[in-house]
1. I want to confirm something. Restricting to the stretch 169-195 and keeping residues that are in contact with a strand residue (DSSP E or B) (Cβ under 6 Å, 6 or more places away or on another chain) and of a type outside the set (D, E, K, R), which single residue is farthest from ASP67 (Cα to Cα)?
2. With respect to the numbered conditions (1) within 25 Å of LEU21 (Cα to Cα); (2) open to solvent by 40 Å² or more (accessible area, probe 1.4 Å); (3) part of a strand (DSSP E or B), which one is the sole condition not fulfilled by SER96?
3. Looking at the stretch 44-62, which of its residues are over 26 Å from LEU21 (Cβ atoms) and crowded, with 18+ Cβ neighbours inside 10 Å?
4. One residue is enough: does the stretch 125-132 have a residue meeting the conditions in contact with a strand residue (DSSP E or B) (Cβ under 8 Å, 6 or more places away or on another chain), within 27 Å of LYS19 (Cα to Cα) and at pLDDT 90 or above?
5. Between LYS19, LYS75, LYS37, which is surrounded by 15 or more Cβ atoms within 10 Å (Cβ to Cβ) and farther than 16 Å from ILE191 by Cα?
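The values are calculated or read from the model by the stated rules, or taken from the named source; none is laboratory data. Every value quoted in this text rests on a predicted model; they were computed, and no experiment measured them. Every residue, glycine as well, gets a Cβ built from its backbone with ideal geometry; the counts of neighbours run over all protein chains shown. The accessibility values were calculated without ligands, DNA or RNA, using every heavy atom of the protein model including side chains. Shrake-Rupley method; radii C 1.70, N 1.55, O 1.52, S 1.80 Å.
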Amino acid sequence: MARANYLAADRIDIQYAVKALATKMAKPTNGDWQRLKRLGRYLVGKPRLVICYDRQEPKTRLTSYSDSDWAGDKKTRKSTSGGIVRMGTHYIKSWSKNQSTIALSSAEAELYAIIKTASETLGIISILWDWGMPIEADLFADASAALGIIGRSGLGKLLQESIRKQLKLDKVLGTENPADMNTKGLNAESIEKYVRMLNMEHKEGRTEFA
């Protein structure tokens, strides 16, 4: 499990599975062992995920994607927040994490996920500004209700001012949101679709530089 956790830092395609398995480490069951073996079989079939960083012109905006899976953990009823940050075609960061608060609706879970993505994105923006790279960002989510909540006045002055100044929120179709990969188990076809969308590709064997 520790090896899987190490791999997940660079393997966006297994981040959700590793997160789900990590939550069961204190009291694992036979079912958890079977799921760990299933992850192992997946890695045998997909031994390498290559992240491509093609040459591109300097960018003035980041692109972030946010998604959640409401009450995906059937025992704790906790939801999962998933997010991805990119600069042009370049992958920067992604995550799959349980929400600390139990959301009472899908809109609430999506709201927590968007706030998490916004905070991560603003943190990256702050670092880039420190490096002399002024930049803003577009944040995409597939939840109309959560986007509507954020757009209302009175949600929170600090949050709203930060979002309005440096982030532009837009809706994306659920089938075109790669952060979906970080919130639930998907079939191989869907994973491949999102991997290609993020300018990544699976390859066999060891790299020639190894």
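1. Here the answer is LEU169.
2. Here SER96 clears every test but (2).
3. LEU62
4. yes
5. None of the other options fit; the residue is LYS19.
Results for (1) out of contact with any Lys or Arg (no Cβ under 8 Å at 6 or more places or on another chain); (2) in a helix (DSSP H, G or I); (3) within 30 Å of SER144 (Cα to Cα), shown as yes or no for each residue.
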position: PRO28; (1), (2), (3): yes, no, no
position: ARG38; (1), (2), (3): yes, yes, no
position: ARG41; (1), (2), (3): yes, yes, no
position: LEU49; (1), (2), (3): no, no, no
position: ASP54; (1), (2), (3): yes, no, no
position: THR63; (1), (2), (3): no, no, yes
position: ASP73; (1), (2), (3): yes, no, yes
position: LYS78; (1), (2), (3): yes, no, yes
